[in-house]
Amino acid sequence: MDADGGNAAQVSDVADAGRPDWSPDGTQLVLRGIDGLYVVPSAGGKTRLLKQESGAGDIPTAWGPDGIRIAYCGSADGAGLYVTNDSGKGAVRLTPAGFIGPNGPPVTPAWAPDGEMIAIGGEWDQPNDIYLMYADGSGLTQLTHDGKAGAPDWAAGH
């Protein structure tokens, strides 16, 4: 699609797909369908099932700055934040079992630009608190305490 919104093209036929995130090199998108995580070339082409995972297609994913790790909220081994690699292998739950914020589980991950940490929080229509952890799941820290925060993001250079 052009910057002005012209020349839009469908790149995937995944049912109920939503919330795509660009790979750092811009060649692929990761997106959540109703039955899993998918990767699709950004120019269109064969969509690849990355990870079978039930859930809504509107739950955000976040491609790590290293181009290999992908963060997503899932429920395969208990609800929480997971990280898998770009082949769909080696998924690891980062948050503890039963992890839940004041308004349900936080669902929006955001990688630090250096890939060392992940923030996780709510959304505009489902606010929550924001939490921060190292990319291996250690050091989980609650940053806000009012249950009103939306999606976290990182300032450039931090």
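Values for this structure:
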{"read-out": "Potential lengthening between TRP22 and SER138 on full extension [0.36 nm per residue; Cα-Cα distance subtracted]", "value": "39.2 nm"}
{"read-out": "Charge dipole (the range 18-142, unit charges on Cβ, about Cα centre) - positive-most of THR61, LEU132, LEU37", "value": "LEU37"}
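Values quoted throughout were computed directly from the atomic coordinates according to the rules given, and no laboratory measurement underlies them. The structure displayed is predicted, hence computed values, not measured ones. FYI the Cβ positions are ideal-geometry reconstructions off the backbone, even for glycines, and counts take in every protein chain you see.
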